[in-house]
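One structure is given below, encoded as structure tokens.
The values are calculated or read from the model by the stated rules, or taken from the named source; none is laboratory data. Since this is a predicted model, take the numbers as computed values, not measurements. Note that each Cβ is placed from the backbone with ideal geometry, even for glycine, and that neighbours are counted across all protein chains shown.
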Amino acid sequence: MLDLAASLLSFAHSLFGPGLCPGDWVWATSTAGAVIALLPMLASVIIAVVRKATGNTYNSAMISTVAVVGGFFAFLVPLVLFNGISGVFRSVFAGDGAVSLAGSSSIKRDYCGWVGEQADYLGGRANVYEVLFHKFESTPVYLLRIATLVIVPTVCLLFVILQARAAMRRGPTWPGRLIWVPFALMAILSLPVEANTAAHLWLGFLPIAILGLVPVYVVGAPSWSTIERNYQKPEVAPVAQQPNQKPTPPPYQPHQVPAYQPAAPVKPIPAYQPPPPVQQQPPPVRKPPPYVPPAPNPTLRDPDPEGKALSKLAADPGPLPFTPRSATPPPPPVRPSGSRFRKVRALGQGGFGTVWLAVDTQLDRTVAVKMAHAPDAETEERMLREARALAAVHHPNCVRVYDIVAEPEGLGLVMEYIEGQPLADRVATGGPLDDVAVARLWITMSGALSAAHAKGVLHRDVKPSNVIIDPDGNAHLIDFGIARSKGDSTLTATGMMVGTPDFLASETAAGANATPASDAWQLAATVNFALTGKPPRGTRDNAMAALMAAAKGEPMTELPLHSAHRRLLMASLDTEPARRPTLRAVARELSDWLGREGHTETGPVTQIVRREDIEGLDRTRHMR
């Protein structure tokens, strides 16, 4: 230990040991402290590099790696060197010849009157424990001791903590304790070190501890794609097992093929409804019941009080009577009388048509009907295709699509009507949401968007007015922008701008096609509004100026200053889509944060809204 410390001191003396007050070996001691400060920094850099490949995987191997690296570089080696350097100076002062220092002839020189002989100053006086707990010096000197032996080490510890947290970016920070806790323990166990030696070691340690943040940040955090792969690994297995548990019979079907061979012709029977009655020729009287009348009735949506036909229609987009392959005979059933939906009031006006609050007179329920004017056959075909896909989306916080009907005004998208207050109104009247409510909102809306993306449907217009807070305080995503031409992300067919440019991702504002990443950006912008009451780029004088600001990717000037989600918001609002975290990664980050804060994912995102407040709202002005 003494030989290692003597080598370090000789090296430090060769690096920086000027013959100036307080003395060359005093300066060398501070230089040695700076060299020791590289060790905890090296621990954080090593862990940051490892996390570039492993992401947020914290299994036993990873935890052991962090513990070993932290224990070695932040505890063991610094403690050995601190005590070793003190032991070297004690040996030199005692003159026992146990160690030798290169250029030690000057160590007995007196460079300053208040220092005296360097060997005595560094190795012949009280240690840290004696100085701090057995006060024998004047008050000014004692306060100076407190500053150099308590405050300076505490500041050094603070920056070691920051280094460890920087190494744990985009993930839980608790593994960083395996770096800075050993360092704190090392500082405590250095009480037997000579007080003057320890003071100069800490003074040399401090600037390197501050600058040590730079290389850790240069290494950078693991990419979101790496983190996403980590999140998928534990989830892929259960997903693969669950389908395999249900299809367990299919693997056994080959053994039962002979028994099921006669059942093979039965499979086409559902497509050929007449054959089943034909097989039962003995009772010919039974043919009329399953005859043609029942088949068209579901297609014409006969009044089913329980809504089974429509729920079945929403559950499977296939049975929808509007197939892009067919010509005019199979389009949506036209209601010339227009009597099925009784319009109550307009909920909003858009570039493709109007959203109406209406009553389905056949099923006697309140619905929202979005009348969309398709400018061409291609757009109409895509609207039908995406409406079918959206009808198959089942998420408790995503608006349900019940049906598509042909009305004189155009195609009518029949959707669930969600009673509540737009998030825009909630923030305007109640102020910004807190971090817990925003975390729940972000998780909920990420789940709704992910469910839609899994069916191939993009929202394209996520904004505060399209998030409805129901009377129970739960958030719902509404108004999917399926009525839009292919490749048209910002303008409708009539040249009207869709939505609010303040909530457009830069790539879609510049004319690129919408993607799941652009939906994720819009959701992050909506979350930013929930936290600040403002869109992330701020507001502009007019829509065209806002669109130009979005297309240019102007910087985010209205991010929350003190929110725990600021870091995740900055990543999610990145102008480069490939660098944004996925919705799955965002939800996992927020879920972990809620768990650390002692909160659950479930719960209202706002306080419960009074029904009378909802009934008094004018929602028309928010839906454009």
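Below is a table of values for the structure above.
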quantity: Number of the condition not met by ASP541 [criteria: (1) part of a loop (DSSP other than H, G, I, E, B); (2) out of contact with any Asp or Glu (no Cβ under 7 Å at 6 or more places or on another chain); (3) touching a residue at least 40 places away in the same chain (Cβ under 8 Å); (4) not basic (Lys, Arg)]; calculated: (3)
quantity: Given (1) surrounded by fewer than 22 Cβ atoms within 10 Å (Cβ to Cβ); (2) in contact (Cβ under 8 Å) with a residue 12 or more places away in the chain; (3) closer than 21 Å to ALA74 by Cα, index of the condition ASP24 fails; calculated: (3)
quantity: Residue in the range 572-593 that is nearest to the chain's Cα centre (by Cα), counting only those that are β-branched (Val, Ile, Thr) and closer than 17 Å to ALA452 by Cα; calculated: VAL586
quantity: Candidate set: the range 445-475, residues that are touching a His at 6+ places or on another chain (Cβ under 7 Å) and assigned to a helix (DSSP H, G or I); chosen: the one nearest to GLY430 (Cα to Cα); calculated: SER465
quantity: Residue match in the range 385-407 (condition: among the hydroxyl-bearing types (Ser, Thr, Tyr) and either surrounded by fewer than 22 Cβ atoms within 10 Å (Cβ to Cβ) or closer than 30 Å to LEU569 by Cα (or both)); calculated: no
quantity: Hits in the range 545-576 (condition: among the polar types (S, T, N, Q) and surrounded by fewer than 16 Cβ atoms within 10 Å (Cβ to Cβ)); calculated: THR557
quantity: Selection count, the range 104-113, where residues are free of Cβ contacts under 8 Å to residues at least 12 places away in the same chain and in a loop (DSSP other than H, G, I, E, B); calculated: 1
quantity: Boolean, ALA48 is free of Cβ contacts under 8 Å to residues at least 40 places away in the same chain, crowded, with 22+ Cβ neighbours inside 10 Å and either under 28 Å from the mean Cα position of the chain (by Cα) or over 18 Å from LEU162 (Cα atoms) (or both); calculated: no
quantity: Any helices (runs of 4 or more DSSP H) falling wholly within the range 117-213 and containing at least 2 residues that are in the same structural domain as THR29 (by TED's automatic domain parsing) and in contact (Cβ under 8 Å) with a residue 60 or more places away in the chain; calculated: 118-123, 128-133, 152-167, 177-189, 195-211
quantity: First in the range 519-537 and under 18 Å from ASP435 (Cα atoms) and assigned by TED's automatic domain parsing to the domain that holds VAL436, second anywhere and surrounded by fewer than 24 Cβ atoms within 10 Å (Cβ to Cβ) and small (Gly, Ala, Ser), Cβ under 6 Å, 6 or more apart; calculated: LEU531/SER563
quantity: Whichever residue in the range 425-450 is out of contact with any strand residue (DSSP E or B) (no Cβ under 7 Å at 6 or more places or on another chain) and charged (D, E, K, R) and, among such residues, is nearest to LEU390 (Cα to Cα); calculated: ARG440
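Every residue, every condition in (1) of a type in the set (Ser, Thr, Tyr); (2) assigned to a helix (DSSP H, G or I); (3) more than 25 Å from TRP202 (Cβ to Cβ), yes or no:
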residue: VAL50; (1), (2), (3): no, yes, yes
residue: ALA53; (1), (2), (3): no, yes, yes
residue: ALA61; (1), (2), (3): no, yes, yes
residue: PHE75; (1), (2), (3): no, yes, no
residue: SER86; (1), (2), (3): yes, yes, no
residue: ARG90; (1), (2), (3): no, yes, no
residue: ASP96; (1), (2), (3): no, no, yes
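Yes/no matrix, rows are residues, columns are (1) modelled with pLDDT under 95; (2) surrounded by fewer than 16 Cβ atoms within 10 Å (Cβ to Cβ); (3) among the small types (Gly, Ala, Ser); (4) under 27 Å from ALA221 (Cβ atoms):
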site: VAL155; (1), (2), (3), (4): no, yes, no, yes
site: LEU158; (1), (2), (3), (4): no, yes, no, yes
site: ILE161; (1), (2), (3), (4): no, no, no, yes
site: MET168; (1), (2), (3), (4): yes, no, no, yes
site: GLY171; (1), (2), (3), (4): yes, no, yes, yes
site: ILE179; (1), (2), (3), (4): no, no, no, yes
site: ALA184; (1), (2), (3), (4): no, no, yes, yes
